[in-house]
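In what follows, a structure is listed as structure tokens, so that the remarks can point back to it.
The values are calculated or read from the model by the stated rules, or taken from the named source; none is laboratory data. Note that this is a predicted model, so its numbers are computed, not measured. Please note: Cβ atoms are built from the backbone with ideal geometry, for glycine as well, and neighbour counts cover all protein chains shown. In case anyone asks, the SASA skips ligands and DNA or RNA and just uses the protein heavy atoms, side chains included. Shrake-Rupley method; radii C 1.70, N 1.55, O 1.52, S 1.80 Å.
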Amino acid sequence: MIENNTTTLENNITTTESYTTGQQTEEGEQSETIEDENDKFDIIDYANLVAEEMVEKLENTSKKLDPEIDINNAKLITDKHHPEVEKGQAYKDKETLKNVLSYYAIKNNFQYKVWKSCSQEYSLKCVYESCNCLNKCPFSTLCTEIHLFDLCNRFSNIHTCPINIRHEDQRQATSKLIGECIKPKFLNIKTKATPMDIKGELKYSLIPSFLHMVEKTNPGSFVDLKTTEDNSLLFVFMALDASIKGWGACRPIVVVDGTFLKAAYGGTLLCACTQDATGHIFPLAFCVADSENDQSWKWFFKKFKEAYGVREHQCLISDRNESLIKAAREIYPEITHSYCGYHILSNLKTSFKQHAAKYNLPFFGAVKAYTEKQFEFHMAELDGLDKRIRPYLKKVGYEKWSRIHSQNKRYSTMTSNISESLNAANLAARELPITTLLECLRALVQQWTHTNRTKAHNTFTKLSPTGEDILLKNYTYSLNLEVTY
């Protein structure tokens, strides 16, 4: 590459460095051109000298680089939208390098800062000091009069920076970056694009790539995407392989709920979770939809059933959302659908306000009762507060909210609190764009799975620590009891 450029420079100088004498004629013709042979040879000598200096400069610079990098065979990048950054790449200029790095950082959810920038080196590092992805990674700039390109000397795409570090400052794309991204799609002067079109293009374009990588890096995961005829996003569903494999060892109870997203584009996050043997929250599936309507819940349950199938004695618990109830009845006719006790209590307080503050203890006593006698005792307490409560609860269906009347075992899951807790854990992530939100949810499942597995490996009792504590408390309590006949 150096020899070719030197030859080109020499040819350009020897063929163009001539001078003219005389004046222009009246007819507009140029007078005779005279070349000075002595000046010609001086220019050639000067060109050779410049070329030798540039070759020496390149050789000195290359000695500072990784010995594995071959400058002459480096892959030259000219596209500002080049998707990948790899060791051994060469960039036609510094502006191209900066643009490629900006797109790459946004695509891969990490941030960097300039460590050193001069005519000989453009060195970057990750904002997180302990991360390996760009820690003092030099892109050495080889500046000559022949050619200007930046060579990636050392680069690692292994990101060890935490999720909160990557997203804590809500980094946003600039108007220049957005313009560069969408410019190729609107080269035709007849093409029209509204701000909503541009927003839709940017927020949707990364989702298919993300889902593809989930399937590739987590074999066995179940993901799906539904779009409209004009390629706008409708729904996106994600159930990770770890959740699918662990479902068989969890309680056969699925708690589903929806919560609104706080990003600029709005939407709703539908989620399903359960509890493992130790009582820990176990996320099962996530879905992003426009709202909690008939179509979105139906699509969610359809995909959930494809991913998890149906278990024996399976029970579904939710609030009393009408669209949810209708979709569950259609997609899951074979399983029991129960309601969250807390939502029933809220409805009681709204409908019968006179003694609302006194409903908590008797109502949840009836909810958690193990015997019919105990259930009737607490229902009588509610009758004493308002005679209208019993008919209301009977119309809802005792089997929907009462443990003693439930058609399936509900264990200790009498409310949808675990779903609310999962939503609380995702509070910050719900402000992010959809692709980043899904990545945060994936990372959360990975983190919880690792933590719970580590605790299980360090447990040496026959029961889980939670079960052992309950058993010990009950044993201590039973010491003061007497057996009667």
Check your understanding: Using alpha-carbon positions, what is the distance between the centroids of region 406-485 and region 265-336, in Å?
Key -> 19
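What FRET efficiency would be calculated for the residue pair residue 373, residue 453, taking the C-beta separation as r and a Förster radius of 51 Å, to the nearest 0.05?
Once the sixth-power term is evaluated, E becomes 0.75.
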Practice item. Any chance you could look up the accessible area of residue 77 with a 1.4 Å probe, heavy atoms only, rounded to 10 Å²? Key: 10
Point to revise | Cα-Cα over 32 Å, subset of 305/358; 226/353; 302/387; 353/373; 113/226; 245/326 | key: 305/358; 226/353; 302/387; 113/226
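In region 393-485, which trypsin sites (Lys or Arg not before Pro) fall in coil by DSSP and have 16 or fewer other Cβ atoms within 10 Å?
409, 462
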**Study point:** Loop-located trypsin sites (Lys or Arg not before Pro) in region 323-382 whose Cβ has at most 13 other Cβ within 10 Å (DSSP)
**Key:** 353
Point to revise | Using a Förster distance of 51 Å, the FRET efficiency for residue 482-residue 302 (Cβ separation, nearest 0.05) | key: 0.40
Point to revise | Solvent-accessible ranking of 238, 213, largest area first, probe 1.4 Å | key: 213, 238
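Report the extension gain between residue 217 and residue 81 in nm, rounded to one decimal, defined as 0.36 nm multiplied by the number of residues separating them, less their alpha carbon distance.
Value of the extension gain: 46.5 nm.
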Point to revise | Accessible-area order (highest first, 1.4 angstrom probe) of the listed residues 210, 460, 235, 364 | key: 460, 364, 210, 235
Point to revise | Local electrostatic count at residue 220 - Lys and Arg +1, Asp and Glu -1, tallied over other residues with Cβ under 12 Å | key: 0
Check your understanding: Ignoring ligands, DNA and RNA, how do 114, 85 rank by accessible area with a 1.4 Å probe, largest first?
Key -> 114, 85
Practice item. Report residue 431's accessible area, 1.4 Å probe, all protein chains in place, as a number in Å² to the nearest 10. Key: 90
Exercise for review: Round to the nearest 10 and report in Å² the accessible area of residue 212, as given by a 1.4 Å probe over the protein chains' heavy atoms.
Suggested key: 110
**Study point:** Per-pair calculated FRET efficiency, R0 = 56 Å: residue 357 and residue 209 via Cβ, rounded to 0.05
**Key:** 0.60
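When a/c reaches 1.5 or more, the comparison of a/b and b/c decides; with that in mind, is region 229-355 rounded, prolate or oblate per its Cα gyration tensor? List each step's numbers first, then the result.
Details: a/c = 1.62, a/b = 1.08, b/c = 1.50.
Judged from the Cα gyration tensor, region 229-355 comes out oblate (a/c at least 1.5, b/c at or above a/b).
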